[in-house]
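The values are calculated or read from the model by the stated rules, or taken from the named source; none is laboratory data. These numbers come from a predicted model, not from an experiment. Neighbour counts run over all protein chains shown; Cβ positions are idealised from the backbone, glycine included.
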Amino acid sequence: MQPQTSIIEAEGDAENLHMSWRASMNILEYASGIATRTNKILTKARKVNPKIEILATRKIFPGTKELSVKAVIVGGGLPHRLGLSETVLVFKQHLNFIGAITLL
């Protein structure tokens, strides 16, 4: 994408256009920030190890999972896990209930 490239055009009354524009800009800035930061981290990491991959956390704002994952991928990163069904994580807090990892 080149500078000054239009990505959306809209028509309507000023109030609705302004509300839609502001929300759209916030969403675009959020996703662009994730993609840009992911790419910067990946670029720096690959100077040290060209085969390294950058995996993103699942910690995101509610309702932004799909957008956040796509932004990470656009930036060259990979999602760490898409859901809890892919792996099993046992935290210290879990061990407080079960006693020890050997009891699983």
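Some values worked out for this structure:
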item	result
Single match in 17, 28, 42 (criterion: surrounded by 11 or more Cβ atoms within 10 Å (Cβ to Cβ), touching a Gly at 6+ places or on another chain (Cβ under 6 Å) and either closer than 19 Å to residue 64 by Cβ or not hydroxyl-bearing (Ser, Thr, Tyr) (or both))	42
Subset of the range 12-27 [without any contact (Cβ under 8 Å) to a residue 12 or more places away in the chain and part of a helix (DSSP H, G or I)]	14, 15, 16, 17, 18, 19, 20, 21, 22, 23, 25, 26
Residue selected from the range 45-104 under the condition closer than 27 Å to residue 35 by Cβ, touching a residue at least 12 places away in the same chain (Cβ under 8 Å) and β-branched (Val, Ile, Thr), by the criterion surrounded by the most Cβ atoms within 10 Å (Cβ to Cβ)	72
Test result for residue 82, closer than 30 Å to residue 23 by Cα, modelled with pLDDT under 85 and not aromatic (Phe, Trp, Tyr)	yes
Residue 34 being surrounded by 13 or more Cβ atoms within 10 Å (Cβ to Cβ), in contact (Cβ under 8 Å) with a residue 12 or more places away in the chain and touching a Ser or Thr at 6+ places or on another chain (Cβ under 7 Å)	yes
Qualifying residue in the range 73-86 (condition: outside any loop (DSSP other than H, G, I, E, B) and among the charged types (D, E, K, R))	no
